[in-house]
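First up is the structure itself, then whatever we jot down about it.
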Amino acid sequence: RSFAQTLELLRLRPRHLDAKPSVLGAIRWVIRRLLILVAGVPVIGAGAVVFALPYSLVALIDRRNDITRDIRSTYKLLGGGVLYMLWIALLALALGWRFGILAGVITAASLPMLGMATQWLRERWGYAMRDVRRFFTLREASLRERLLAQRRSLAAEIDELIGKAQRS
């Protein structure tokens, strides 16, 4: 339990301990991520502006409900889906009314793609931040070695228990 709690506190998984973080590897990783994230900044900005209202409403609904995590996810998926579709329809109708039917059709077709691209890029940003934290955590050699030693000790205990159970 102690090992699991320590890993959870550090936001690590046992497999992360096997990584050998190097500065050169980190530089390559940063370059790849920066290309994706920098190219995506306009998309994230546009998506944040266009979808600010439905995003805020879903967040408000999420905070007001005292429910379990799985039910909350269902509410967010279904309720958010309905809110976003209504928002897209409203914007498409408004732009279609103001600038013509073609503008409305283009809006209705492009906004779902903008929303998905924005969400994808936001998730990539979150993954990148977790990876950065993990890199610096694992660069702490003494911490990494202590965790590896603890994992080896646990594995040896489990092997010993399995051996005893098989001999019984």
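The values are calculated or read from the model by the stated rules, or taken from the named source; none is laboratory data. It should be emphasised that the depicted structure is a prediction, and the values quoted were computed from it without experimental measurement. Because the Cβ atoms are built from the backbone with ideal geometry, glycine has one as well, and the counts that use them run over all protein chains shown. The protein model used for the area step is the full one, side chains on, heavy atoms only, and it has no ligands, DNA or RNA in it. Shrake-Rupley method; radii C 1.70, N 1.55, O 1.52, S 1.80 Å.
Couple of notes before you dig in:
- Relative contact order of the chain: 33 percent, from C-alpha pairs under 8 Å at least 6 residues apart in sequence.
- Among the DSSP helices (H) of the chain, those spanning at least 15 angstrom by Cα along their long axis with an average Kyte-Doolittle hydropathy of 0.5 or more are 23-50, 52-64, 69-99; this is a geometric and hydropathy rule only.
- Whole-percent carbon and sulfur share, accessible surface of segment 122-168, 1.4 Å: 56 percent
- Per residue, the chain exposes 75 Å² of accessible surface when a 1.4 Å probe is rolled over the protein heavy atoms with every protein chain present.
- Over the chain, dividing the summed -39,500 (n - 2.57) contributions of all DSSP H runs of at least 4 residues by the number of residues returns a 222 nm mean residue ellipticity of -31000 deg cm²/dmol.
- Cα gyration tensor shape of the chain, rounded if a/c is under 1.5, else prolate or oblate by comparing a/b with b/c: prolate
- Label zone at Arg139, where the point sits 7 Å out along the Cα-to-Cβ direction: segment 3-30 residues whose backbone N lies under 15 Å: 20-30
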